[in-house]
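These notes concern the structure reproduced below.
The values are calculated or read from the model by the stated rules, or taken from the named source; none is laboratory data. What you see is a predicted model; the values in this text were computed from it and never measured. Heads up, the Cβs are rebuilt from the backbone with ideal geometry, glycines too, and the neighbour counts pull from every protein chain shown. Ligands, DNA and RNA are stripped out before the accessible areas are found, and what is left, the full protein with its side chains, is counted by its heavy atoms. Shrake-Rupley method; radii C 1.70, N 1.55, O 1.52, S 1.80 Å.
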Amino acid sequence: MLDVGRHPNIELLAYSEVEGLKGTAGEFTITVRKKTRYVEEDKCTGCGACAEKCPTVVPDAFNEGLGERKAIYSYFAQGIPSTHTIDADHCRQLNGKKCGICAKTCQADAINFDKKDQVIELDVGAVIIAAGYDVFDPSQIPEYHYTEIPNVVTAIEFERLLSASGPTEGHLDRPSDRAVLKEIASLEKQAKKSQKTLARFEEKYNESSASFYDKFQGGQYEGDEDRQKWADKYAAHLAIVEPLESLQKKAEGFTVARRLAFIQCVGSRDFRFYPFCSGYCCMHSIKEAIIAHEHEPETASVIFGMDIRAVGKGFEEYKIRGGNDSNVSYVRGRVAEISAGPDDNPVVTFEDTRERKVKNQAFDLVVLATACAPIKGMAALAETLGVALDPYGFIKTSPLSPVDTETPGIFVCGCAESPMDVPESVAQASSAAERAAEVVFQPEMKEEKAVA
Amino acid sequence: MSKDVLVIGGGIAGMQASLDLADMGIKVYLVEKLPSIGGKMAQLDKTFPTNDCAI
Ligand SMILES: Cc1cc2nc3c(=O)[nH]c(=O)nc-3n(C[C@H](O)[C@H](O)[C@H](O)COP(=O)(O)OP(=O)(O)OC[C@H]3O[C@@H](n4cnc5c(N)ncnc54)[C@H](O)[C@@H]3O)c2cc1C
Ligand code: SF4
Ligand code: SF4
């Protein structure tokens with residue numbers, strides 16, 4: 001990533017999109033919209049002072065909504081470029097309210113609320129599409145209750161929970177427990193505030209609120225407006241403290257998730273959604289189970305799948321190592337349902353094909369190995385570029401020319417072409433680079449590729 | 001005729017393609033929709049089958 005940022009031959013146009021393409025191989029003219037960040041890229045040093053002071057808190061997309069960021073933000077800490085960006089949907093100033101705190105904070109004078117999008121034209125000889133994939137949205141599968149049961153997460157969310165730079169600093173804190181802790185923090189804040197108000201009355205009347213309240217309820221002080229106020233405040237305080245105490249008690253029992261279920265083929269190999277195998281998900285479930293076990297040796301994981309597809313260099317060995325060393329077991333079968341169980345433990349209903357029995361098993365956390373879906377904007381991008389798509393919405397290629405689109409001079413690599421893992425994406429990328437270089441170095445060869 | 005290349009998407013595939021071309025002496029424009037490059041791989045904790053840290 002760093003190498004890309006500093007290579008003299010690479011001009012990085014981040015926060016930008018291609019809007020038009022004219023011409024043919026060797027002579028394309030491309031229109032690119034550089035979206036405004038409302039921050040001057042040549043001035044911003046990426047110091048982050050603005051984000052620290054910005055009062056607007058927004059769910060953090062990089063952390064899959066499991067953490068928070070500000071309305072002015074860097075996409076992630078090591079992101080390149082490190083230029084900050086104002087999120088125009090959430091920024092107060094850009095939505096007609098008074099703010100501008102970031103502009104006052106920025107020492108580099110980089111904030112510019114009047115900065116507009118910039119549309120530029122580029123002349124290029126060849127194009128490579130590497131627009132990647134989207135994570136399949138599992139809320140489309142009603143029987144898995146992804147949106148209703150908090151401790152059912154996607155594999156990419158689980159990656160963020162495992163990450164030391166993620167929202168839980170690498171601890172497998174369950175979403176339901178995190179929600180309780182957040183509620184506790186908010187109630188504690190309210191309780192502190194109401195405690196302050198009560199303290200003023202207690203000082204004034206030299207009595208504890210509790211003993212006063214007993215007398216008040218006994219009918220003393222009728223018609224005393226000030227004491228009526230005190231009583232109201234005390235009642236409101238109790239309405240905060242009582243649920244707070246019960247939540248605090250509940251939180252005493254919280255531990256990190258140790259019993260993990262991984263559900264394979266969520267949206268893949270499923271004729272309701274994508275009939276294809278997404279290829280990398282068996283392996284990433286094994287990886288996630290191994291890492292979880294490294295973090296916490298008591299972790300036990302069950303991977304539920306029709307079969308485990310470990311078809312790559314070193315992959316089968318990796319799978320066996322998971323079973324032997326990392327407390328991972330593999331259960332053959334498709335999970336029929338995930339339901340809510342006691343203590344926020346999701347219950348997995350599955351057929352054990354070896355025992356020919358339908359079973360229910362409770363877990364601390366369930367991880368969905370979601371399909372590799374074409375990106376949402378793919379149809380529009382393909383239309384802009386004039387390239388064909390396959391029936392699923394990936395870029396169309398042919399088996400003997402796997403990085404050539406149907407349009408000469410335009411190539412594809414990575415998950416924009418089809419689901420594939422990192423080693424395959426890198427191999428395709430080098431191959432696409434080679435094909436693009438042929439076009440710009442040897443224009444006479446550009447029309448036809450020699451096929452073996 | 002232009003000898004430059006446009007790469008759309010700054011995930012691992014787009015980054016690798018850009019670096020290969022740039023190392024051949026070709027000028028590359030790398031267009032990324034999001035504020036930073038890195039793609040999905042930047043979100044991963046570690047990667048199989050070596051469990052090396054992702055980028
Ligand atoms: C949970 C999970 C764990 C995984 N773990 C592993 C692992 O351990 N090992 C492994 O080998 N593989 C793993 N994979 C697979 C890996 O994520 C992919 O192989 C890899 O990220 C594909 O890279 P890519 O560059 O094709 O796509 P992406 O990473 O999706 O990158 C595409 C880039 O293009 C940008 N883009 C999209 N549309 C546009 C547009 N219109 N204009 C400009 N830019 C655009 C995107 O913002 C993004 O930056 C995992 C996948 C998942 C879901
Ligand atoms: S906009 Fe200013 S304050 Fe914010 S990161 Fe950039 S230089 Fe720092
Ligand atoms: S103007 Fe206010 S809300 Fe908007 S980014 Fe700056 S500090 Fe945040």
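What the table below lists for this structure:
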| read-out | value |
| --- | --- |
| Residues satisfying the stated conditions in the range A:108-127, i.e. buried (at least 24 other Cβ atoms within 10 Å of the Cβ) and either within 16 Å of ligand 1 (Cβ to nearest atom) or within 14 Å of chain B (Cβ to nearest Cβ) (or both) | A:Val124, A:Gly125, A:Ala126, A:Val127 |
| Filter pass, A:Ala231 being touching a residue at least 24 places away in the same chain (Cβ under 8 Å), open to solvent by less than 20 Å² (accessible area, probe 1.4 Å) and either in contact with an Asp or Glu (Cβ under 6 Å, 6 or more places away or on another chain) or of a type outside the set (Val, Ile, Thr) (or both) | no |
| Subset of the range A:350-359 (residues that are surrounded by fewer than 20 Cβ atoms within 10 Å (Cβ to Cβ) and of a type in the set (A, V, I, L, M, F, W, C)) | A:Val358 |
| Any hit, the range A:298-307, residues being in contact with a Leu (Cβ under 8 Å, 6 or more places away or on another chain), in a loop (DSSP other than H, G, I, E, B) and crowded, with 16+ Cβ neighbours inside 10 Å | yes |
| Hits in the range A:234-254 - residues which are assigned to a loop (DSSP other than H, G, I, E, B) and without any contact (Cβ under 8 Å) to a residue 60 or more places away in the chain | A:Gly253 |
| Candidates A:Ala436, A:Ala382 - the one that is more than 28 Å from A:Val135 (Cα to Cα), assigned to a helix (DSSP H, G or I) and not assigned by TED's automatic domain parsing to the domain that holds A:Arg309 | A:Ala436 |
| Qualifying residue in the range A:397-404 (condition: outside any loop (DSSP other than H, G, I, E, B), in contact (Cβ under 8 Å) with a residue 40 or more places away in the chain and open to solvent by less than 10 Å² (accessible area, probe 1.4 Å)) | no |
| Any pair with Cβ under 7 angstrom, 6 or more apart, that starts in the range A:128-146 at a residue that is within 14 Å of another protein chain (Cβ to nearest Cβ) and ends at one that is crowded, with 19+ Cβ neighbours inside 10 Å and among the basic types (Lys, Arg) | A:Gly132/B:Lys40 |
| Tally of residues being in contact with a strand residue (DSSP E or B) (Cβ under 6 Å, 6 or more places away or on another chain) and at positive phi across the range A:1-34 | 1 |
| Test: residue in the range A:399-421 that is more than 12 Å from chain B (Cβ to nearest Cβ), among the small types (Gly, Ala, Ser) and more than 16 Å from ligand 3 (Cβ to nearest atom) | yes |
| Search result, residues across the range A:90-101 that are within 11 Å of ligand 3 (Cβ to nearest atom), without any contact (Cβ under 8 Å) to a residue 24 or more places away in the chain and open to solvent by 50 Å² or more (accessible area, probe 1.4 Å) | A:Gln93, A:Asn95, A:Lys97, A:Lys98 |
| Residue in the range A:42-79 that is most open to solvent (accessible area, probe 1.4 Å), counting only those that are within 10 Å of ligand 3 (Cβ to nearest atom) and closer than 16 Å to B:Pro35 by Cβ | A:Lys70 |
| Residue within the range A:316-332 that is open to solvent by less than 30 Å² (accessible area, probe 1.4 Å), among the polar types (S, T, N, Q) and in contact with a helix residue (DSSP H, G or I) (Cβ under 7 Å, 6 or more places away or on another chain) present | yes |
| Number of the exception - A:Lys104 against (1) more than 28 Å from the chain's Cα centre (by Cα); (2) within 14 Å of chain B (Cβ to nearest Cβ); (3) open to solvent by 40 Å² or more (accessible area, probe 1.4 Å) | (2) |
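Here's the yes/no breakdown for (1) out of contact with any Gly (no Cβ under 8 Å at 6 or more places or on another chain); (2) open to solvent by 10 Å² or more (accessible area, probe 1.4 Å):
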site	(1), (2)
A:Gln361	yes, yes
A:Cys372	no, no
A:Ile375	no, yes
A:Glu383	yes, yes
A:Val387	yes, yes
A:Arg435	yes, yes
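Yes or no, residue by residue, for (1) in a helix (DSSP H, G or I); (2) facing another protein chain (nearest Cβ under 7 Å); (3) open to solvent by 40 Å² or more (accessible area, probe 1.4 Å):
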{"position": "B:Met1", "(1), (2), (3)": "no, yes, yes"}
{"position": "B:Leu6", "(1), (2), (3)": "no, yes, no"}
{"position": "B:Met15", "(1), (2), (3)": "yes, yes, no"}
{"position": "B:Leu21", "(1), (2), (3)": "yes, yes, no"}
{"position": "B:Leu30", "(1), (2), (3)": "no, yes, no"}
{"position": "B:Ile37", "(1), (2), (3)": "no, yes, no"}
{"position": "B:Ala42", "(1), (2), (3)": "yes, yes, no"}
